[in-house]
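Below you'll find the structure, written out as structure tokens, and then a few comments.
The values are calculated or read from the model by the stated rules, or taken from the named source; none is laboratory data. The model shown is predicted, which means the values in this text are computed figures rather than measured ones. Cβ: placed from backbone, ideal geometry, glycine included. Neighbour counts: every protein chain shown.
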């Protein structure tokens, strides 16, 4: 199913939903959150949840967002699911009584990589829990590799595109990588070994880009990484590192040593880009890399 399907589903929930990454930057804000608070997705995505907008307060009027009392910050720290009755501040200034329910987002290693907050009218607690259960079905983590999956990277790309347009300048690029001749691995060694090769490459790619960005599993043997740089030279450097370190990785099975390479397409984001245009351009460069010999980086 496409990202638009899941966005439509989230946008039609009765309750507000937003995601934050591990530093509390908002990367998704649904339509109901806009309806409940008056703040649009453009207002919120790319900002931090403590940026003096929602201003969570408890029943005594104490503000929570800036200090250690913030329930979202607590969940990001300890991974505990929380539910609290709070008051949010509407864009027009007035306070709204809500029940918030906060859940951590974990990767395959049980590391906290973000959190989701669902909030709704205080009279609808049972409905809130029902909606959260539906939301949890929308897993954002690839079960095999522990990387963010296609849905996750699509949400992240939308957030990056919105942030770029708000800033008025590009500040990131993407790498699209595909394992070369992967069908041969599955045919020769079987799908179990193929899965282990995918896990090996996933870890190598993530470790290769960890200082500059984050990697995701797009699907099958394809990976996409978002690289935080405004310089094409830096993007090329990271792409070449991904290619070289993958080539130097090895999976040992008895006396056999299985080595693979990746072909990479890399491109800087441009102000005219949508997420679809950006991915399509990287995909064309990946295809060019494969069609001209593989184990190459093609950049635009």
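What to note about this one:
- Check on residue 239, surrounded by 14 or more Cβ atoms within 10 Å (Cβ to Cβ) and more than 21 Å from residue 197 (Cα to Cα): no
- Scan the range 164-177 for residues that are surrounded by 17 or more Cβ atoms within 10 Å (Cβ to Cβ) and out of contact with any strand residue (DSSP E or B) (no Cβ under 7 Å at 6 or more places or on another chain) and the total you get is 1.
- Members of the range 187-196 found to be surrounded by 15 or more Cβ atoms within 10 Å (Cβ to Cβ) and closer than 22 Å to residue 216 by Cβ, listed by number: 194, 196
- Residue in the range 200-222 that is modelled with the lowest pLDDT, counting only those that are in a loop (DSSP other than H, G, I, E, B) and in contact with a strand residue (DSSP E or B) (Cβ under 7 Å, 6 or more places away or on another chain): 212
- Selected residue [in the same structural domain as residue 270 (by TED's automatic domain parsing), assigned to a strand (DSSP E or B) and closer than 23 Å to residue 107 by Cα] from 197, 226: 226
- Just so you know, in the range 60-75 the residues that are surrounded by fewer than 20 Cβ atoms within 10 Å (Cβ to Cβ) and in contact with a strand residue (DSSP E or B) (Cβ under 9 Å, 6 or more places away or on another chain) include one that is modelled with the lowest pLDDT, and it is 61.
- Every listed requirement among (1) more than 23 Å from residue 158 (Cβ to Cβ); (2) in contact (Cβ under 8 Å) with a residue 24 or more places away in the chain; (3) in contact with a strand residue (DSSP E or B) (Cβ under 7 Å, 6 or more places away or on another chain) is met by residue 250 save one, (2).
Every residue, every condition in (1) over 29 Å from residue 228 (Cα atoms); (2) at pLDDT 85 or above, yes or no:
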position	(1), (2)
3	no, no
22	no, yes
26	no, yes
46	no, yes
50	no, yes
77	no, yes
92	yes, no
97	yes, no
112	no, yes
